[in-house]
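Visitor: Take a look at this one; I'll ask things after.
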Amino acid sequence: MEADVAVIDKKPVALQALTAAALLLPGLNSGPALAAEDDEFSFQYGHYQESDRNLGSGNSSQDILNPVTTNIKSNLPPITVDSLQAHSKLRLTDRIKFEVNFIQDSWSGATPISTAPSSWGGNNFTRLGETISGASPYFATGKPVYFDANRKPVNTIRDPNTLDVIAAEGINSPVHTMAMASPETRQEGNFKLSYEWDDAALSARGGISSEPDFQSRFTGLGLKLDFNQKRTTLDIGASYSNAYTRALIASDIINGQYGKTSNFDNHKVTEDIVGSSNQRTYFTGSREEWGGNVNLTQVVTAQSLFNTGVGFTHSAGYLENPYKYVTTFGLIPVVGSTCDPSEIMYCSAAVTWSEQRPDNRNQVNLSAGWVQHIPLVDAALHLDYNFFHDDWDINAHTFSGDWVQPLGSGWSVTPRIRYYSQSAADFYTPYLVFDNPNQLDSYQFLPSNFSSDQRLSAYGALSGGLTISKQLAKGIRLDAGIEYYTHQGSLAMGVDGEDSFADFSYYLANGSLNVNIAQLGRSLTEGGEHAHHHHAAQHGAPLPAGVMFGHMLHEADAVMVGYRYMYSREHGHLQNGSQEVSDQTVIAQGCNDSNVTCRTAPMYMDMHMHMLDLMYAPTDWLNLMLMPQFMNMDMDSRGLAGIDASEHADHLHDVHSTGGIADTGIYAMFKAFQGYGQNLHVTLGVSAPTGDTAIEMSRVHGADGGYTHYGMQLGSGTWDFKPSLTYSGKLDDWGWGAQVSGTKRMQSQNDSGYALGDNLQTTAWGSYSMLDWLTASVRGIYTTQNSIRGRFNPLAGNIEHGQPTVSPDVNPKQSTADQPGNYGGQFWDLGLGLNATIPDGKFAGHQFSVEWLQPMMENVNGYQLERYGTLNATWIYMF
């Protein structure tokens, strides 16, 4: 993982490292040599949180000539990542296995985009006696930086009486220039299909990774050969991937105000903004990678195992990170200065250029590991070493060890420690200095390659982690892990590491639920219990996939685990009430809540929801439920006809994305009546406000973004009461039911200043069993929801770059999606669904349901985008 982190070419370390780090935590991934062979399903959540970045030092004293040095931390929120992973492994036949994974990472926060001496003021705070504000970054128009005769930056202040520049105590060290990015989501799906012989196995794998600015496709082949009565295993693999980058460049960079990109004119394309005469400009480029690896695993004794391997990867194409820049300074001799010439010799001009990396890269990995069982304490010790080398002159070493210790009663703990060190790439530099300032504006004078990306610097890293595992029942395991990581230049081994300005740390927390389907099935058949639990799972007719709280467990100590997915899309015309409206009407009336003229409206909005259903029956009349959610949403906007909308002022800077933990449901279900094929139960519960309701759009150099739209926030932000009453019946092959449910906000507003509207929903359905295992359903749904109460709290921010004036509120108000009155309404939908229950075999009792909801009629509040439809899919298993 560390070698990959060191050479990431696009995103902050969090996005690419999170899943790898999660899988490397002990207990969460057994590795290929120790992987379980049974059918299984697992669901994992991970959270990554970086520390605040150190932005140099400032003066906390009012006396400019007697400064008191204070360390300054970035006031922009650091990188956070929420990751969701679902994994399934199935044995299709005795010799054929199939694995599939879905991974979703949602990240947001501030990340370094460049580096410069602290006196340059790249983070838009003023130093040494002036107010620290901290907002959008200065990109190439910072304050003058002074250098000594050795071209080292000198810390300076101005004498308040003479205004002369004089040298001050302290080192003018580099600091990162931080920039805030809009939330973004990456989704990946991959599979592996393998065929096994007695002493060999052949596998093929492939996958796709997609995010708004990066698309990747990858494939690979693997061959495993067993020798020496399976004591020796040889794994051979080959891989290929191609990727395409399409990264939006802020318009102020295109115009040269905050940076230069002309060194990459051949990688730039422009596209028209819908509803505007303006254009968006993107960095685009393709890359390819070919790789191969050979690994040998040898059982040494009954208590020990050795493995070693070698891998090679060749990369070619666009290898730059489109969001990284290098600041260049041109020296100007100081004339007539009252300063000591030995202290200050040069002032400087500055220009920032997009980074440039080689078009090719060759990488080699060498690894070795030892696993030793310790019979005295029934533990296992894992020791691993990895060496990485590439032709960018990076050499990296990774040492790791973990101790797997069973504790009895299904518990185990696994502590882990890891040390990593690397040398710098030969083109890494915090910033560039030219003797002639006239060379700054032409890329012809730049080096062939240059980058200030800290991951290409020399540094060391130390991390430690702990995983706790609990076997809840045969076939069901919970894992929880945490890891702390510190990145420091001073920890580099055998090389001079980067200065402390690049130091940072993070922690990573994980939790996973693993269901071994084969073991669970075997446990239920022991002692003739299978029919007993199968009956509990099949009590009543199967329900449509979109019905929640529709059934109960009717026997004490019964358990249900499930997964629920929902996708909804809004796309089409704008409407008011039940009527389609023109853009001219929306311009005049669509933003009346804010007393402004509407300028933009959504083109589409997609929402994906993933939910775990966990249910336990302490008695035959009471069920307890926990329902954590994970959501991600995407939306793009257009300028309304007749309005020449702009990229920044109207936030038309590409697709808006949000994602992460949503609100968490906690419920109790009470049996009211059961008999004669009829069931009636009451559900009482609350929704805890675990979803973020203060997500902001990107601060793009000259303008702060403000909060993203109400519908793009991840939760309600309030404690909500959610009752429901459900009736269901069954006779022969027919089933029916009805439900009334509602949501009552128990707070008048959330911390962001608003509250979503209360809602009420009624639904009724009928079903027919076409086969013993297959049921079709039809359902009608009516929903009414109030509009939003309140509005976002005012959010101040610097609206003019370099100006001390602060706007009283930078929240966007000129889109229909920014108006509280444009939410809610009355909605009628028709649902068509299928439900499959596997009747026998090792998957007996598993239920799979799917349902499509088609909008039939709607009467919306205010001005809203037309609904396209909703897809519901569920899997549940009761035992």
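The values are calculated or read from the model by the stated rules, or taken from the named source; none is laboratory data. Here the structure is a predicted model, which means the values were calculated and not measured. In this analysis, Cβ positions are derived from the backbone assuming ideal geometry, glycine residues included, and neighbour counts consider all displayed protein chains. The accessibility values were calculated without ligands, DNA or RNA, using every heavy atom of the protein model including side chains. Shrake-Rupley method; radii C 1.70, N 1.55, O 1.52, S 1.80 Å.
Visitor: Under the condition of being in contact with a strand residue (DSSP E or B) (Cβ under 7 Å, 6 or more places away or on another chain), open to solvent by 50 Å² or more (accessible area, probe 1.4 Å) and in a loop (DSSP other than H, G, I, E, B), which residue from the stretch 743-785 is farthest from G685 (Cα to Cα)?
Guide: Checking each candidate, the answer is M770.
Visitor: Next up: Return the residues of the stretch 594-625 that are at pLDDT below 90, β-branched (V, I, T) and part of a loop (DSSP other than H, G, I, E, B); say none if nothing qualifies.
Guide: V596, T597
Visitor: For the stretch 377-407, which positions are open to solvent by 40 Å² or more (accessible area, probe 1.4 Å) and more than 29 Å from N365 (Cβ to Cβ)?
Guide: V377, D378, P406, L407
Visitor: Within the stretch 182-210, which residues are charged (D, E, K, R) and either more than 23 Å from G285 (Cβ to Cβ) or without any contact (Cβ under 8 Å) to a residue 40 or more places away in the chain (or both)?
Guide: Answer for the stretch 182-210, where residues must be charged (D, E, K, R) and either more than 23 Å from G285 (Cβ to Cβ) or without any contact (Cβ under 8 Å) to a residue 40 or more places away in the chain (or both): K192, E196, D198, D199, R205.
One line per residue, one yes/no per condition, for (1) open to solvent by less than 20 Å² (accessible area, probe 1.4 Å); (2) at pLDDT 95 or above; (3) not assigned by TED's automatic domain parsing to the domain that holds V100:
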residue: V165; (1), (2), (3): no, no, no
residue: H176; (1), (2), (3): yes, no, no
residue: M180; (1), (2), (3): no, no, no
residue: Q187; (1), (2), (3): no, no, no
residue: N190; (1), (2), (3): no, yes, no
residue: Y195; (1), (2), (3): no, yes, no
residue: D198; (1), (2), (3): no, no, no
residue: A204; (1), (2), (3): no, yes, no
residue: I208; (1), (2), (3): no, yes, no
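Visitor: Shifting gears a bit: With respect to D402, determine if the residue is modelled with pLDDT of 95 or more and among the acidic types (D, E).
Guide: In short, yes.
Visitor: Which of the residues spanning the stretch 343-376 are of a type in the set (D, E, K, R) and open to solvent by less than 50 Å² (accessible area, probe 1.4 Å)?
Guide: E355, R357, R361
Visitor: A further question on this structure: What pairs come out if I take residues in the stretch 820-833 that are more than 12 Å from V778 (Cβ to Cβ) and outside any helix (DSSP H, G or I) and pair them with residues that are of a type in the set (D, E) and open to solvent by 10 Å² or more (accessible area, probe 1.4 Å) whose C-beta lies under 8 Å away, six or more apart or interchain?
Guide: G825/E858; Q826/E858; F827/E858; W828/E858
Visitor: If I ask for residues that are open to solvent by 10 Å² or more (accessible area, probe 1.4 Å) and modelled with pLDDT of 90 or more, which ones from the stretch 836-853 would you list?
Guide: If the condition is that a residue be open to solvent by 10 Å² or more (accessible area, probe 1.4 Å) and modelled with pLDDT of 90 or more, then A836, T837, Q847, F848, S849, V850, W852, L853 are the ones that fit.
Visitor: Also, I was wondering about something else. For A140, state whether it is farther than 30 Å from T219 by Cβ, modelled with pLDDT of 70 or more and in the same structural domain as E355 (by TED's automatic domain parsing).
Guide: Spelling it out, it is not the case that A140 is farther than 30 Å from T219 by Cβ, modelled with pLDDT of 70 or more and in the same structural domain as E355 (by TED's automatic domain parsing).
Visitor: Given (1) open to solvent by 40 Å² or more (accessible area, probe 1.4 Å); (2) of a type in the set (F, W, Y); (3) modelled with pLDDT of 95 or more, identify the lone condition not met by Y443.
Guide: (3)
Visitor: A further question on this structure: Could you list, ordered by first residue, the pairs with Cβ atoms under 9 Å in which the first is in the stretch 215-227 and closer than 20 Å to Y318 by Cα and the second is open to solvent by 60 Å² or more (accessible area, probe 1.4 Å) and among the β-branched types (V, I, T), at least 6 apart or interchain?
Guide: Going by the 9 Å Cβ cut-off, the qualifying pairs are Q215/I208; S216/I208; R217/I208; F218/I208.
One line per residue, one yes/no per condition, for (1) open to solvent by 20 Å² or more (accessible area, probe 1.4 Å); (2) out of contact with any Lys or Arg (no Cβ under 6 Å at 6 or more places or on another chain); (3) aliphatic (A, V, I, L, M); (4) at pLDDT 90 or above:
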position: N436; (1), (2), (3), (4): yes, yes, no, no
position: Q454; (1), (2), (3), (4): no, yes, no, yes
position: G464; (1), (2), (3), (4): yes, yes, no, yes
position: I476; (1), (2), (3), (4): no, yes, yes, no
position: G481; (1), (2), (3), (4): no, yes, no, yes
position: T486; (1), (2), (3), (4): yes, yes, no, yes
position: L491; (1), (2), (3), (4): yes, yes, yes, yes
position: Y507; (1), (2), (3), (4): yes, yes, no, yes
position: G511; (1), (2), (3), (4): yes, yes, no, yes
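Yes/no matrix, rows are residues, columns are (1) in contact with a strand residue (DSSP E or B) (Cβ under 7 Å, 6 or more places away or on another chain); (2) of a type in the set (D, E, K, R); (3) at positive phi; (4) part of a loop (DSSP other than H, G, I, E, B):
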residue	(1), (2), (3), (4)
V351	yes, no, no, no
W392	yes, no, no, yes
F399	yes, no, no, no
V404	yes, no, no, no
L407	yes, no, no, no
P447	no, no, no, yes
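Visitor: Additional query: Identify all residues within the stretch 550-599 that are over 20 Å from N786 (Cα atoms) and touching a helix residue (DSSP H, G or I) at 6+ places or on another chain (Cβ under 7 Å); write none if there are none.
Guide: Correct list: L553, H554, E555, A558, V586, T597, C598.
For (1) out of contact with any helix residue (DSSP H, G or I) (no Cβ under 7 Å at 6 or more places or on another chain); (2) modelled with pLDDT of 90 or more; (3) in the same structural domain as V145 (by TED's automatic domain parsing); (4) closer than 26 Å to M178 by Cβ, each residue gets a yes or a no:
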{"site": "G56", "(1), (2), (3), (4)": "no, no, yes, yes"}
{"site": "L65", "(1), (2), (3), (4)": "yes, no, yes, no"}
{"site": "K73", "(1), (2), (3), (4)": "yes, no, yes, yes"}
{"site": "L90", "(1), (2), (3), (4)": "yes, no, yes, no"}
{"site": "T93", "(1), (2), (3), (4)": "yes, no, yes, no"}
{"site": "I96", "(1), (2), (3), (4)": "yes, yes, yes, no"}
{"site": "T111", "(1), (2), (3), (4)": "yes, no, yes, yes"}
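Visitor: I need the full set of residues from the stretch 285-318 which are in contact with a helix residue (DSSP H, G or I) (Cβ under 6 Å, 6 or more places away or on another chain) and at pLDDT below 95, in order please.
Guide: G285, the sole residue that qualifies.
Visitor: For the stretch 710-736, which residues satisfy the criterion of being part of a strand (DSSP E or B) and under 30 Å from P183 (Cβ atoms)?
Guide: D720, F721
Visitor: Looking only at the stretch 210-252, filter to residues that are at pLDDT below 95 and of a type in the set (F, W, Y); which one of those is surrounded by the most Cβ atoms within 10 Å (Cβ to Cβ)?
Guide: Among residues in the stretch 210-252 that are at pLDDT below 95 and of a type in the set (F, W, Y), the one surrounded by the most Cβ atoms within 10 Å (Cβ to Cβ) is F214.
Visitor: How about the stretch 474-522: which of its residues are without any contact (Cβ under 8 Å) to a residue 40 or more places away in the chain and outside any strand (DSSP E or B)?
Guide: Of everything in the stretch 474-522, those that are without any contact (Cβ under 8 Å) to a residue 40 or more places away in the chain and outside any strand (DSSP E or B) turn out to be G489, S490, D496.
Visitor: Let me ask another. Would you please name the residue that is modelled with the highest pLDDT, looking only at residues in the stretch 786-820 that are in contact with a strand residue (DSSP E or B) (Cβ under 7 Å, 6 or more places away or on another chain), among the hydroxyl-bearing types (S, T, Y) and surrounded by fewer than 20 Cβ atoms within 10 Å (Cβ to Cβ)?
Guide: S787
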